[in-house]
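Notes to accompany the following structure.
The values are calculated or read from the model by the stated rules, or taken from the named source; none is laboratory data. Every value quoted in this text rests on a predicted model; they were computed, and no experiment measured them. Reconstructed Cβ throughout: ideal geometry from the backbone, glycine too, with neighbour counts over all protein chains shown. Remember, those area values only see protein heavy atoms, side chains included, never the ligands or the DNA or RNA. Shrake-Rupley method; radii C 1.70, N 1.55, O 1.52, S 1.80 Å.
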Amino acid sequence: KPLEGADLTVTSKEFTEQLVLGAIMGIAFEAAGAEVLDRTGIQGSVGTRAAVENGDADATYEYTGTAWITYLGNSRPIPDPRQQWEAVKEADAKKGLTWLPPARLNNTYALAMNQANYKKYRTKNLSQVAELAKSDPGAVTLCVEGEFANRADGLPGLEKAYGMSLPARNITQMDTGIIYTQTAKGACTYGEVYTTDGRIKSMNLVVMEDDRKFFPNYNAAPMVRTATLKKWPAIASVLDPVTKALTNDVAQTLNAKVDVDGEDPHEVALDWMKERGFVK
Ligand code: PBE
């Protein structure tokens with residue numbers, strides 16, 4: 001087995017898709033003969049990145065746009081997903097991190113609303129949301145996470161890009177899981193969602209189009225410590241077929257099994273790895 005004798009630590013952020021992707025990565029390493037330590041479920045993007053940078057973990061599935069804007073401090077996304085990945089790969093090579101080829105899975109931020117609010121306000125895209133905020137300032141209330149409220153590729157950037165300036169009282173911060181139920185109930189007109197989340201469909205939410213293309217591409221790709229990869233180059237060929245199988249449809253289906261059906265993220269990951277023949 002290509003990773004026989006390797007001790008590898010896998011990490012992830014705390015939300016469902018990350019827990020599933022972290023489990024998938026760990027299962028792939030184990031199937032290739034490695035001993036795996038599971039350090040998934042770290043609070044927030046910055047802490048997860050730090051765990052890999054400082055050697056607390058060897059690898060994680062990270063999103064290209066998150067690295068480009070939040071970690072590397074760029075302000076303009078690169079529209080082509082492949083070129084965005086290449087730019088991140090090149091910049092992070094100097095930081096001892098190697099980006100392996102990306103998945104088609106692109107989990108972007110979006111604003112979404114329930115059906116009743118959609119019938120009332122009829123907004124389809126973020127430009128129309130910005131217009132509504134001007135004509136009827138009380139109408140645009142947001143449920144968002146703390147991380148989104150503070151990231152350059154989150155609310156501050158979005159307000160700038162769409163010429164919108166919401167009063168603080170219109171914005172309520174909460175955990176990502178709560179956002180979906182609050183948005184479905186109409187407690188906020190718009191909730192900050194992840195487009196691959198299974199609850200958009202199950203709660204019948206309407207997603208606003210990012211018509212100015214403010215959000216970058218967020219393709220998931222393995223981000224691995226270069227030192228670890230030098231020692232165990234087979235990591236690349238072990239992860240490649242798995243990453244290739246990760247699409248938005250797969251992510252939505254697996255995320256829904258956890259968030260809608262209440263299954264365990266590790267079980268969901270293992271079932272999928274078996275179904276696709278990555279483990280026996
Ligand atoms: N995202 C959407 C965020 C959360 C989900 C990929 C832009 C991130 O983890 O960076």
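For K213, are the conditions met, namely being in contact (Cβ under 8 Å) with a residue 60 or more places away in the chain and surrounded by fewer than 23 Cβ atoms within 10 Å (Cβ to Cβ)? Explain how you work it out, then say what you get.
Numbers: in contact (Cβ under 8 Å) with a residue 60 or more places away in the chain: yes; surrounded by fewer than 23 Cβ atoms within 10 Å (Cβ to Cβ): yes.
Against the criterion (in contact (Cβ under 8 Å) with a residue 60 or more places away in the chain and surrounded by fewer than 23 Cβ atoms within 10 Å (Cβ to Cβ)), K213 qualifies.
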Can you find a residue in the range 57-67 that is out of contact with any Phe, Trp or Tyr (no Cβ under 7 Å at 6 or more places or on another chain), modelled with pLDDT of 95 or more and open to solvent by 30 Å² or more (accessible area, probe 1.4 Å)? no
Any residue in the range 168-175 that is open to solvent by less than 40 Å² (accessible area, probe 1.4 Å), touching a residue at least 40 places away in the same chain (Cβ under 8 Å) and not aliphatic (A, V, I, L, M)? no
Pull up the range 128-140, narrow it to residues that are within 20 Å of G186 (Cβ to Cβ) and either surrounded by fewer than 20 Cβ atoms within 10 Å (Cβ to Cβ) or within 15 Å of the ligand (Cβ to nearest atom) (or both), then point me to the one that is nearest to the chain's Cα centre (by Cα). Q128
Quick check on D261: is it free of Cβ contacts under 8 Å to residues at least 12 places away in the same chain and either in a loop (DSSP other than H, G, I, E, B) or on the phi > 0 side of the Ramachandran plot (or both)? yes
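Filter the range 144-164 for residues that are without any contact (Cβ under 8 Å) to a residue 12 or more places away in the chain and open to solvent by 40 Å² or more (accessible area, probe 1.4 Å); which is farthest from T64 (Cα to Cα)? Talk me through it step by step, then tell me what you get.
Kept after step one, since they are without any contact (Cβ under 8 Å) to a residue 12 or more places away in the chain, are these residues of the range 144-164: 150, 156, 159-160.
If we keep only those that are open to solvent by 40 Å² or more (accessible area, probe 1.4 Å) too, we end up with 150, 156, 160.
On the way: N150: 18, P156: 20, K160: 22 Å.
Within the range 144-164, the match that is farthest from T64 (Cα to Cα) is K160.
Go through the range 171-229 residue by residue and tally those that are in a loop (DSSP other than H, G, I, E, B), away from the ligand (no atom under 16 Å from the Cβ) and more than 22 Å from L105 (Cβ to Cβ).
First, the residues of the range 171-229 that are in a loop (DSSP other than H, G, I, E, B): 174-175, 186-189, 195-198, 203-205, 208, 210-218.
Among the residues that remain, those that are also away from the ligand (no atom under 16 Å from the Cβ) are: 186-189, 203-204, 211-212.
Cutting the leftovers down to more than 22 Å from L105 (Cβ to Cβ) gives us 186-189, 204, 211-212.
Residues in the range 171-229 being in a loop (DSSP other than H, G, I, E, B), away from the ligand (no atom under 16 Å from the Cβ) and more than 22 Å from L105 (Cβ to Cβ): 7 in total.
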Here are the criteria: (1) open to solvent by less than 20 Å² (accessible area, probe 1.4 Å); (2) under 25 Å from L155 (Cα atoms); (3) part of a helix (DSSP H, G or I). Tell me which single one G22 does not satisfy. (2)
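For the range 68-170, which fully contained strands (runs of 3 or more DSSP E) count at least 2 residues that are closer than 20 Å to V206 by Cα and touching a helix residue (DSSP H, G or I) at 6+ places or on another chain (Cβ under 7 Å)? Reasoning before the result, please.
Working: elements: 97-99, 109-113, 142-144.
So the answer is 109-113, 142-144.
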Where the second residue is assigned to a strand (DSSP E or B) and away from the ligand (no atom under 16 Å from the Cβ) and the first is aromatic (F, W, Y) and lies in the range 109-123, which pairs have Cβ atoms under 6 Å and are six or more apart or on separate chains? Y118/V206
Determine if the range 70-87 includes at least one residue that is hydrophobic (A, V, I, L, M, F, W, C) and open to solvent by 60 Å² or more (accessible area, probe 1.4 Å). no
